[in-house]
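**Student:** Below is the structure I would like to discuss, written out as structure tokens.
FYI, it's all coordinate maths here, none of it is from the lab. If you're wondering where the values come from, they're calculated on a predicted model, not measured in any experiment. Neighbour counts run over all protein chains shown; Cβ positions are idealised from the backbone, glycine included.
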Amino acid sequence: MLGHARERIAAEKRLRYDVFYVQVQAGNYARAIDYLETLLQQTADDRVSVRLAAELIENAAVPLEQRLCAARVAGRLGDPRPGVCTLPAGLDDPYWAQEIPAGIYS
């Protein structure tokens with residue numbers, strides 16, 4: 001009986017994210033990200049949607065604008081990619097984000 005429940009849950013997950021995969025396959029990245037946004041509105045702690053957004057960020061075939069949108073989605077619950085983190089209090093102040101003047105550096 002537990003095996004049937006697992007199979008049902010796996011099938012429901014496939015159906016839940018099928019629209020995302022279809023849009024990605026078609027190269028409709030903006031629509032795929034919009035769909036992830038919709039899923040996160042329905043289930044605020046949807047880690048699978050965040051992981052899928054992170055995968056789009058890493059995909060060089062995805063245009064930069066859509067990768068940035070995916071980064072905002074992934075950042076909602078914490079970007080799961082290794083090495084990506086939230087800065088501790090104090091390190092996110094403007095001092096650390098000052099503009100670097102143009103020029104040649106060595």
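**Student:** Grab the Cα-Cα distance for residue 65 and residue 18, subtract it from 0.36 nm times how many residues apart they are, and report the gain in nm with one decimal. Don't skip to the answer; put the middle values down first.
**Tutor:** Details: separation 47, 0.36 × 47 = 16.92 nm, distance 2.29 nm.
Here the answer is 14.6 nm.
**Student:** Would you please put 49-56, 13-20 in order of how densely packed they are, using the mean number of other Cβ atoms within 10 angstrom per residue and starting with the highest?
**Tutor:** Numbers: 49-56: 21.0, 13-20: 14.0.
Per-residue mean Cβ counts within 10 Å order the peptides as 49-56, 13-20.
**Student:** Could you line up 33, 104 from fewest to most neighbouring Cβ atoms inside 10 Å? Walk me through the numbers before you get to the answer.
**Tutor:** On the way: 33 25, 104 4.
So the residues, fewest neighbours to most, are 104, 33.
**Student:** One-quarter of the Cα convex hull surface for region 2-81, in nm²? Can you show the working numbers first?
**Tutor:** Numbers: hull surface 21.9 nm².
Over every viewing direction, the Cα hull of region 2-81 projects on average to 5.5 nm².
**Student:** For the residues 31, 72, what sequence is obtained by ranking on other C-beta atoms within 10 Å, fewest first? Walk me through the intermediate numbers first.
**Tutor:** Values: 31 16, 72 11.
By the 10 Å Cβ count, ascending: 72, 31.
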